[in-house]
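> Structure in structure tokens, see below.
Every read-out reported here was derived from the displayed coordinates using simple, explicitly stated rules and does not represent laboratory data. These numbers come from a predicted model, not from an experiment. Neighbour counts are summed over all protein chains in view; Cβ atoms, including those assigned to glycine, are modelled from backbone coordinates with ideal geometry.
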Amino acid sequence: MTESAADLVAVAMDYPFDRPGHSYLFADGEALALADGSESGLDDVLQQKGAAPMHARTAVLAYGANSAPSRLWRKFSAQAQSAVFPVLNARLHDFDIVYACHYSSYGALPATPAPSPGTVVDIAVTYLDRGQLVRMHETELPSQNYVFGRLDGLTLEIGELGGMDAVHSYWSRHGSFAANGGPLALSAIVAEGRRFAVAAQVQAQSRARDQLAPGRDLHEFVAEHAADPVLRRVRSLALGATARLFDYPHCEIIAD
């Protein structure tokens with residue numbers, strides 16, 4: 001395997017990337033710790049940065065790479081405007097975060113939420129202003145892998161902001177990767193009361209390889225679809241043969 005191919009595999013296998021264990025203010029690539037996570041405290045720090053207040057922002061679940069500062073910077077670094085927004089730790093009840101039934105643009109099996117009664121999963125919530133939400137759509141929707149919408153009827157606890165019963169989110173239009181008949185939860189994401197089997201990225205990729213190209217060297221398998229968008233789409237469609245679609249009655253798709 002060439003060095004460039006090895007680099008592609010390393011990025012794919014690193015998903016969902018390093019995420020702080022605390023709420024933070026994303027400020028042009030930096031993850032700044034928040035001394036006060038109340039709405040007034042967040043408004044104060046946003047005002048200091050010349051950014052829009054909380055009431056002018058949309059709360060969006062961030063359960064994978066969208067809570068990792070390094071990946072957020074890749075999304076927002078080319079923007080003319082400064083990118084400043086809160087990324088707040090949260091706990092979502094009766095859901096888990098599982099592997100989606102498609103490959104990301106860099107070859108990872110990314111995440112998607114899945115209903116899971118009794119499970120409480122640690123995630124984050126980003127608070128995006130209008131321009132930031134447009135930019136996030138530009139990075140999530142053109143691939144036709146995710147949809148964006150609203151989830152209602154939730155039990156969602158967001159740090160010092162307290163509880164919410166509705167939030168916006170992206171979720172996979174292809175559903176979850178159902179290895180051995182059921183979804184696979186991400187081992188990198190902490191949860192209580194899990195009902196699904198758990199796997200690291202390398203294990204999930206191995207199961208997908210066993211389904212699509214049995215016997216193929218795993219790193220070569222990942223390097224192939226990380227480098228080739230056509231093959232990536234073909235393999236994503238093939239994974240869909242055993243997908244479990246997103247089955248939550250209290251959702252509304254807003255953009256796809």
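> Can you tell which of GLN211, GLN48, GLN132 shows the greatest fluctuation in a Gaussian network model of the chain with Cα springs below 10 Å?
Largest GNM mean-square fluctuation: GLN48.
> Please compute the net charge surrounding THR58, taking Lys and Arg as +1 and Asp and Glu as -1 over other residues with Cβ under 13 Å from its Cβ.
Value of the local net charge: +3.
> Moving on to the next point. What's the local net charge at GLY41, with K and R +1, D and E -1, over the other residues with C-beta under 15 Å away?
With Lys, Arg at +1 and Asp, Glu at -1, the neighbours total -3.
> Let me ask another. Given the -39500 (n - 2.57) contribution per DSSP H run of 4+ residues, what per-residue ellipticity at 222 nm results for the chain, rounded to the nearest 500 deg cm²/dmol?
Result for the chain, helices only: -8500 deg cm²/dmol.
> Hey, another quick one. How much length is gained if the chain between ALA10 and GLU252 is pulled fully straight, taking 0.36 nm per residue apart and subtracting their Cα-Cα distance, in nm to one decimal?
83.6 nm
> May I pose another question? What does the C-alpha gyration tensor say about the overall shape of region 73-223? Classify as rounded when a/c is under 1.5, otherwise prolate if a/b is larger than b/c, or oblate.
Oblate, since a/c reaches 1.5 and b/c is not below a/b.
> Here's another thing I want to ask about it. In what sequence do MET13, MET136 fall when counting other Cβ within 10 Å, fewest first?
Starting with the residue having the fewest Cβ neighbours, the order is MET13, MET136.
> So, one more: ALA35 to VAL230: extension gain in nm, 0.36 nm per residue of separation minus the Cα-Cα distance?
Result for the pair: 65.6 nm of gain on full extension.
> Something else: How big is the C-alpha Rg of region 36-146 next to the rule-of-thumb value 2.2 N^0.38 Å, as a ratio?
Rg over 2.2 N^0.38 Å, computed on Cα atoms: 1.13.
> Considering only GLY37, PRO142, SER77, whose Cα is most displaced toward the positive end of the charge dipole of region 3-255, charges sitting on Cβ of Lys, Arg (+1) and Asp, Glu (-1)?
Comparing the listed Cα positions along the dipole, PRO142 ranks first.
> Let me check against my output: what whole-number percent is the relative contact order of region 1-119, with C-alpha pairs under 8 Å and at least 6 apart?
Worked out over region 1-119, it gives 32 percent.
> For each of CYS251, CYS101, count neighbouring Cβ atoms within 10 Å of the residue's Cβ, then give the residues from fewest to most.
Final ranking by Cβ density, sparse to dense: CYS251, CYS101.
> Over its Cα atoms, what ratio of radius of gyration to 2.2 N^0.38 Å does the chain give?
The chain yields a ratio of 0.99.
> For the chain, what's the relative contact order in percent, using C-alpha pairs closer than 8 Å and at least 6 residues apart?
RCO, the chain: 24 percent.
> Taking amide hydrogens as modeled 1.01 Å from N in the peptide plane, which residues meet the under 5 Å criterion relative to ARG173, leaving out close sequence neighbours?
TYR146, VAL147
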